[in-house]
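Worksheet: one structure, shown below.
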Amino acid sequence: MDVFAGVRSLRRIAMALGIGRQTADSVEGGSIATVQIVLAGDEMLGDVYLMQQSGVASRPRPGADHIVVLQQGDRGRAISIASNDQNSRPRTLDVGDVQIFHPVIGSYIWLRSSGDIDIVPKSGTVNVAGSLKATGDVVAGAISLTNHLHGGVQTGEGKTGVPVAS
């Protein structure tokens, strides 16, 4: 093997990965989103494909960090395979926790290692389209859906008052 060919191969391998910072909003119009990323040494990469897990979509904000794969070391064939926003990531997770969060608004779904799930919308509203079924109790405020009392009970055709806490 030619020594220079070996050196070129090693250089391509070394240049196959990079870490950079997103400099502008993503372009979402095509079949795959693209971002503009600046690598170390102020090397600008445009039209970097933004790959994401199937079924999961996000739109990283400018300033997000990206891990970039440079196919065969070619700077014109870059793909972002992961992104992270250091300024908005949750810092309160316990070992084994998973959280889906909105980096600007702050709403989140928290899958806790204890088995609990917290759904916390900053708007104060959780919207459910379709049926909602629960095998356990549902509690709104202090009123249990399964075990609550009614005030203003009347016999016959009358109606009860609203539910009250037990």
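The values are calculated or read from the model by the stated rules, or taken from the named source; none is laboratory data. It should be emphasised that the depicted structure is a prediction, and the values quoted were computed from it without experimental measurement. Note that each Cβ is placed from the backbone with ideal geometry, even for glycine, and that neighbours are counted across all protein chains shown.
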Review point. Do we find that residue 40 is of a type in the set (Gly, Ala, Ser) and within 18 Å of the chain's Cα centre (by Cα) in this structure?
Key: no
Study note, to complete from the structure: Note on segment 23-43: residues touching a strand residue (DSSP E or B) at 6+ places or on another chain (Cβ under 7 Å) and either touching a residue at least 60 places away in the same chain (Cβ under 8 Å) or in a loop (DSSP other than H, G, I, E, B) (or both) are 23, 24, 26, 32, 33
Practice item. Identify all residues within segment 56-107 that are of a type in the set (S, T, N, Q), part of a loop (DSSP other than H, G, I, E, B) and surrounded by 14 or more Cβ atoms within 10 Å (Cβ to Cβ); write none if there are none. Key: 58, 88, 107
Practice item. Check off (1) surrounded by 13 or more Cβ atoms within 10 Å (Cβ to Cβ); (2) among the small types (Gly, Ala, Ser); (3) assigned to a loop (DSSP other than H, G, I, E, B) for residue 46 and give me the number that stays unchecked. Key: (3)
Review point. Looking at (1) surrounded by 11 or more Cβ atoms within 10 Å (Cβ to Cβ); (2) out of contact with any helix residue (DSSP H, G or I) (no Cβ under 8 Å at 6 or more places or on another chain); (3) at pLDDT 90 or above; (4) of a type outside the set (D, E, K, R), can you tell me which one residue 9 breaks?
Key: (3)
Check your understanding: Does segment 116-130 contain at least one residue that is β-branched (Val, Ile, Thr) and over 18 Å from the mean Cα position of the chain (by Cα)?
Key -> yes
